[in-house]
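To keep things clear, I will list the structure first and then write my remarks on it.
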Amino acid sequence: MKQELKTFEVARIYENQGYFEEAMKIYSFLDNRETSDEVRAGLKRMRERMEDKDSGSLSENRISRLYQEWLGLMILERRLDNFKKIKSHP
């Protein structure tokens with residue numbers, strides 16, 4: 001990959017599209033050149049995802065994050081339903 005394409009934005013795009021190895025390479029490159037909290041967080045996410053992929057199962061941290069996300073979505077859905085009920089009453 002050309003150096004000019006090794007940006008944080010490109011790494012995020014790769015990550016969002018599921019190209020974790022490519023994203024990991026870019027995050028590692030960026031970490032060597034310009035260490036930042038965002039780059040370190042990206043490296044950590046990629047390591048976790050690569051470990052999950054290698055182990056064939058979800059890590060406890062990943063399951064916990066997914067559960068928290070699911071629970072948050074359920075709460076938002078409940079609030080939306082309540083809002084719709086309130087709005088429909090005159």
| request: Could you pull out every one of the lysines with an alpha carbon less than 25 Å from that of residue 6, ignoring same-chain neighbours closer than 8 positions? | output: 25, 44, 53
| task | Would you mind ranking 28, 88, 36 so that the residue whose beta carbon has the fewest other beta carbons within 10 Å leads the list? | result | 88, 36, 28
| Quick one: what do you get for the chain if you divide its Cα Rg by 2.2 N^0.38 Å? | 1.54
| field | Burial ordering of 37, 81, 31, fewest other beta-carbon atoms within 10 Å first | value | 37, 81, 31
| remark: Extend 7 Å from the Cα of residue 5 along its Cα-to-C-beta direction; within the stretch 18-40, residues with backbone N under 13 Å of that point are 22-23, 26
| field | MRE, 222 nm, helices only [DSSP H, n ≥ 4, -39500 (n - 2.57), over the chain, to nearest 500] | value | -27000 deg cm²/dmol
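Each reported figure results from applying straightforward, stated rules to the coordinates on display, with no laboratory input. The structure presented is a predicted model; accordingly, all values stated were derived computationally and were not measured. Using ideal geometry, Cβ is built from the backbone for each residue, glycine included, and neighbour counts are taken over all protein chains shown.
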